[in-house]
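Report on one structure; see the data block that follows.
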Amino acid sequence: MLVTALLTTLLMTDTVTLDRVRNLDEVLIVSNERGKRTRSVKGAVAGIDEHLGELRNVNLVRRGSYAWEPVVNNMQTERLSTTIDGMKIFYACTDKMDPVTSYVESGNLQSISLNSGLDGNPQATGNIGGSLDLKLRKVGFEADPRHVSLSAGHEWNGHLQVYGADAAFSSYRTYLNTGVFYRDADCYRVGGGELLNYSQFSKVNLFANAGLRLTDNDVLETTFIFDRATDVGYPALNMDVAKAQGLITSLSYKHLFGWASWETKAYYNHIIHIMDDTTRPDVLIHMDMPGDSWTTGLYSLLTTSVGQELQHDVAVNYDLYYNRLFADMTMYPGGAAPMYMVTWPDVGTLNTGLAVTDNVSVDSRQSLRLSAKVAWQNQRLNNQEGYNGQKVFFPLMTDHYYQTTGRIAASYQLSIFNSQFSIGTGWGSRAPTVTEAYGYYLNNTFDQYDYMGNPHLSNESAFELNSEFSILKSEFSVSLNSNVFLFKDYIIGRLDDRLSAMTVGAEGVKVYRNLDHATIANLSLTADWQITDRLTWNGKLGYSAGLDDEGDNLPLISPVAWRTQLQYGTGRVQTELEVRGNARQTNYAPKYGETQTESWNIVNLSVQYQVNSGISIRGGVENLFDKRYSAYSDWNNIPQKGRNVYLNLTIEL
Ligand SMILES: [Cu+2]
């Protein structure tokens with residue numbers, strides 16, 4: 001009876017029952033439903049990138065003011081899994097201008113969940129650094145019959161405007177969420193007042209989510225997202241984006257057994273990416289560079305709870321997807337005939353996997369978590385011209401490849417007195433990405449080299465160890481987190497001086513290789529202090545290191561970073577003072593083309609005023625002292641925004 005009630009709740013609330021268990025390292029609430037406070041001081045009007053930045057283990061690589069690339073545990077997209085409600089989506093840009101997170105709007109989301117390291121969510125594959133799952137907003141059955149919310153925001157620096165409207169309807173048998181969001185920004189001013197050219201963007205997002213209860217135990221749900229960004233500037237790159245468009249759809253069926261909940265979802269998404277250099281001056285050779293990504297797939301997830309003394313929460317997931325990636329480039333040298341080449345040779349990837357997780361509640365103080373996944377993959381190069389081009393450099397290559405990857409992780413948690421202790425370990429592997437295996441003369445503006453994929457790469461693997469120790473008192477808590485990843489066959493580009501560059505101005509050609517070994521380690525200390533009823537303080541200090549097989553630094557590893565917030569709140573007014581900064585980047589990687597980033601500190605102030613239960617106003621100043629700075633993860637050290645005043649209004653009806 002109890003189990004049935006629990007499962008009913010799960011079926012009606014959300015798909016992913018694993019939320020309840022410990023492994024979810026962090027869940028960030030994005031949407032500001034009535035009565036729930038979002039962590040971001042700007043509220044739902046904040047862009048998704050700003051929400052991601054609130055997560056403890058996440059940094060962001062910034063190539064402009066739009067579409068930042070999430071980095072988890074100092075690992076970028078290649079070593080992460082990003083899914084939207086369990087759906088696989090692959091970006092369509094050979095220059096990583098469009099991370100998957102850029103195709104949703106924060107108004108589409110209920111929450112973002114992050115699993116650190118190899119213990120990924122059931123749909124995740126290739127997640128050595130971690131897995132992000134963006135959970136879409138769903139009102140669910142039997143909620144408020146009608147709910148409308150309107151939001152508007154303005155930021156003075158860059159004249160950013162945000163407008164959003166969404167409505168939710170709910171009954172016993174049906175529900176519907178739908179919304180439209182619009183963002184538009186001009187170029188922003190960096191600290192000191194200089195205008196940063198090509199930092200503008202514009203974006204429209206439409207979304208709908210609906211559910212139909214067929215019987216008491218059967219539910220159909222569907223999702224539709226259409227997202228289009230236009231005129232997006234990338235000041236750190238040589239090109240901008242004319243159009244980045246995502247169409248994301250799904251249909252799922254949930255069935256409730258007496259003993260389990262079973263969900264099967266089928267999905268399809270299509271990403272179109274069109275780059276543009278026509279607005280740039282001094283372009284010697286104009287280029288057209290479109291990219292396309294199609295993914296169709298399904299997953300089937302069974303979750304259940306068994307056992308009396310020793311309670312097991314078990315999830316079994318089967319998934320299957322087929323992705324096609326195609327990108328090409330046409331160069332127009334003034335006067336001469338255009339040159340054409342295929343940069344991603346229409347690679348079709350068929351991947352299928354089986355995942356199991358088991359959360360064991362040993363007793364009230366101890367718990368154990370086990371997870372494992374195995375996946376098989378078949379890749380085929382469908383474009384003959386692209387295949388022939390790469391075969392010139394790799395005569396032994398074929399047009400199809402098979403890979404098997406897997407991961408296994410275990411962790412144990414113990415709570416005694418006022419402390420909590422956990423240790424975990426894992427091993428996992430990933431297949432090379434399409435860029436790493438088959439990319440053809442892809443120019444990288446970070447180190448000014450053209451990159452060539454290598455079809456003979458081995459899978460990369462890593463062994464992970466992690467631990468957490470926390471002391472929790474009623475008004476004070478402190479926590480020390482650490483993890484280390486010991487890589488085998490780490491994939492990175494290395495100079496091949498037999499090849500000469502294609503791109504004008506490039507210094508040479510790098511080919512992706514497996515390094516025998518590499519290491520990435522992260523250590524962080526966080527503290528929370530409830531000073532009085534109204535005053536709270538928290539702080540975070542982080543240290544990271546990354547070394548290659550020769551003991552040299554890996555690129556894009558965070559320097560010592562800190563962040564501290566002091567919050568004062570009465571019933572209706574919340575104020576916050578925040579200081580964040582980085583130490584000088586001493587462990588940078590000149591070997592991989594990285595330049596050193598200086599230390600910086602900025603101060604942010606914010607105020608939130610709850611006018612009544614339906615209306616809230618948020619305002620603030622970021623970078624109060626108008627400091628000119630760039631973080632280590634700012635591509636080519638493009639400077640961040642200078643002083644920025646913002647004001648947001650949210651109305652719930
Ligand atoms: Cu691009």
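Computed from the coordinates by the stated procedures, all read-outs in this text should not be read as laboratory data. Note that the structure is a prediction, hence the values are computed from the model and not measured. Every residue, glycine among them, receives a Cβ derived from its backbone with ideal geometry; neighbour counts consider all protein chains shown.
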Please compute the length gained on full extension between Thr564 and Thr398, using 0.36 nm multiplied by the number of residues separating them and subtracting their Cα-Cα distance. 54.4 nm
Using a cut-off of under 13 Å, list every residue of region 456-480 whose amide N is near the label point 7 Å from the Cα of Gln311 along the Cα-to-beta-carbon line. none
Percent of all alpha-carbon pairs of region 178-273 at distances over 15 Å, whole number, is 71 percent
Relative to the present Cα-Cα distance, how much length would full extension add between Val356 and Leu472 at 0.36 nm per residue of separation? 38.6 nm
In region 567-647, which GluC sites (Glu not before Pro) are in a loop and have at most 15 other Cβ atoms within 10 Å, using DSSP for the loop call? Glu598
When only C-alpha pairs under 8 Å and at least 6 residues apart count, what is the relative contact order of region 522-653, in percent? 17 percent
Within region 2-652: Cβ-based charge dipole about Cα centre, in debye rounded to nearest 20 (Lys, Arg +1; Asp, Glu -1): 1120 debye
Return one quarter of the surface area of the convex hull spanned by the alpha-carbon atoms of region 324-383, equal to its mean projected area, in nm². 7.3 nm²
Kirkwood hydrodynamic radius, computed over distinct alpha-carbon pairs, for region 290-423: how many Å, to one decimal? 19.0 Å
Over region 2-652, what is the mean sequence separation of C-alpha contacts under 8 Å (at least six apart), divided by residue count, expressed as relative contact order in percent? 10 percent
Packing-ranked peptide list from 101-111, 392-402, highest mean Cβ count within 10 angstrom first, is 101-111, 392-402
P(r) of region 445-561 in 10 Å steps, Cα pairs, percent per bin? 12, 28, 25, 17, 11, 6, 1
Over 31 Å between C-alpha atoms is what I'm after, so list which of Lys488/Lys627; Lys203/Lys641; Lys135/Lys488 land there. Lys488/Lys627; Lys135/Lys488
So if I take the centroid of the Cα atoms in region 218-286 and the same for region 87-135, what is the distance between those two points in Å? 12 Å
Taking only the alpha-carbon atoms of region 96-202, the convex hull volume per residue, in cubic angstrom, is 146 Å³
For Tyr340, the net charge from surrounding residues (Cβ-Cβ under 12 Å; K, R +1; D, E -1) works out to -3
Which value in Å is the Kirkwood Rh of region 2-652 over different Cα pairs? 25.7 Å
Choose one of Pro590, Tyr66, Ala431: the residue whose Cα lies farthest towards the positive end of the charge dipole of the chain (beta-carbon charges +1 Lys, Arg; -1 Asp, Glu; about the Cα centre). Tyr66
Between Leu214 and Gln384, take the C-beta separation as r, use R0 = 60 Å, and let me know the FRET efficiency to the nearest 0.05. 0.80
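Using packing as a proxy for protection, rank 537-543, 112-118 so that the peptide with the highest average count of other Cβ atoms within 10 Å comes first.
Ranked from most to least packed, the peptides come out as 112-118, 537-543.
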At the level of C-alpha centres, the distance separating region 311-342 and region 378-456, in angstrom, is 14 Å
